[in-house]
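First the structure, in the form of structure tokens, and then the observations on it.
The values are calculated or read from the model by the stated rules, or taken from the named source; none is laboratory data. Quantities reported herein were computed from a predicted structural model and do not represent experimental measurements. Heads up, the Cβs are rebuilt from the backbone with ideal geometry, glycines too, and the neighbour counts pull from every protein chain shown. Heads up: the accessible areas ignore ligands, DNA and RNA and are worked out on the full protein's heavy atoms, side chains in. Shrake-Rupley method; radii C 1.70, N 1.55, O 1.52, S 1.80 Å.
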Amino acid sequence: MSGVEGRGSRVEGTAKIEFRKVRKSFSGKEVLRGVDFGVGKGEVLFIIGTSGVGKSVTIKHIIGLLRPDSGEILLDGNRVDGLSEQALYDVRKRCAMVFQHATLFDSMTLLENVALPLRKHQGLSERDAEKEAAGLLDQVNLSDSYQAYPAALSDGMRKRAAIARALTMKPEVVLFDEPTTGLDPVNARRIDRLIRKLSDDLGVTSIVVSHDLTSIFSIADRIAMIYQGVAHFVGTPAELKASPDPILQQFVSGRSQGPMETPGF
Ligand SMILES: Nc1ncnc2c1ncn2[C@@H]1O[C@H](COP(=O)(O)OP(=O)(O)O)[C@@H](O)[C@H]1O
Ligand SMILES: [Mg+2]
């Protein structure tokens, strides 16, 4: 690998998720040119990089929303790239994704929104589904809003409700695409605490696409930076801060001028 690696670049034991030389092009444009990194069980790994660099593309490969042109993606040591849609159903139960623009059903209360997948996919009765949904809403600090409709809520509350819904599958892995983008700092820190808690209390493995330096330096176990189609850096927050690499320094300092160019700007 051509990138900069800290001592924290390796996963101890078997990785929960591993990318091996993953390449992906769209209409001849190479986005991923051999992405390599691993995520340990129960870890919170952040994926950073400039906009358009391929962060969302990377995480979509884990649940088969995109398929690599070459390379391998493993979940608990087993390949998931190239699985049939049928087999991916199981992968998507184990790995939940919270999309950047999380959508809830506007005509349903929060409780109904979270109870729906429990009835539909877990086969719970309406009563049991609502009981479990209430517990999940409690976990994301929405105990006061069971009967609220999404339109009446702040972005931060909607985001937390979407996370509660993702948790209905009792996922082993949660993929968060920019969970704090567009949120005020108070709500952003609430999401941070929730992600950390899922990992610490339930052993959930989280991959978080984010530009939010506060989140990164408060809850990340490790960070992978995508740059020019590869994982240019994989390491701990302390290693990221201490690295003399000008590309990493530009990111950490939030400067727009530097070796790292933002496509389209
Ligand atoms: N389904 C797709 N079809 C064609 N191009 C895509 C598709 N998904 C992503 N891309 C392109 O891949 C590049 C990386 O996108 P993305 O991963 O969404 O960036 P980001 O790092 O901001 O999340 C962009 O140039 C985007 O236009
Ligand atoms: Mg994205």
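Distance distribution P(r), the range 157-265, all Cα-Cα pairs, bin width 5 angstrom from 0: 2, 10, 20, 22, 18, 14, 9, 4, 1 percent. Within the listed set 40, 52, 28, the residue fluctuating most in the Gaussian network model of the chain (springs between alpha-carbon atoms under 10 angstrom) is 28. On full extension, the segment bounded by residue 200 and residue 23 gains 60.5 nm, given 0.36 nm per residue less the C-alpha separation. Helices in the chain, meaning DSSP H runs of at least 4 residues, each add -39500 (n - 2.57). Divided by all residues, the mean residue ellipticity at 222 nm is -10500 deg cm²/dmol.
Per residue, the accessible area of the range 216-265 comes to 47 Å² when a 1.4 Å probe rolls over the protein heavy atoms.
Report, in whole Å, the centroid distance computed from the Cα atoms of the range 12-47 and the range 140-214. About 23 Å separates the Cα centre of the range 12-47 from the one of the range 140-214.
Overall, the chain carries a charge dipole of about 280 debye about its Cα centre when +1 sits on the Cβ of Lys and Arg and -1 on the Cβ of Asp and Glu, all other atoms neutral. Along the chain, counting only trypsin sites (Lys or Arg not before Pro) with a DSSP assignment other than H, G, I, E or B and at most 15 other Cβ atoms inside a 10 Å radius, the longest segment between sites is 11-254. Taking the Cα atoms only, what angle lies between the long axis of helix 110-120 and the longest principal axis of the chain, rounded to 10 degrees? Helix 110-120 sits at roughly 90 degrees to that axis. Counting protein heavy atoms only, the chain has 49 percent of its accessible area on carbon and sulfur, 1.4 angstrom probe.
Bridge orientation summary for the chain: considering DSSP beta bridges with both residues in this region, about 50 percent are antiparallel.
Working note: Debye formula, equal point scatterers on the alpha-carbon atoms of the range 78-145, no solvent; log10 I(q)/I(0) at q = 0.16, 0.20, 0.25 Å⁻¹ is -0.69, -0.93, -1.16.
Using the Cβ-Cβ distance between residue 236 and residue 106 with R0 set to 51 Å, the FRET efficiency from 1/(1 + (r/R0)^6) comes to roughly 0.80. Projecting the Cα atoms of 73, 133, 99 onto the charge dipole of the chain (Cβ charges, centred on the Cα centre) puts 73 farthest toward the positive pole.
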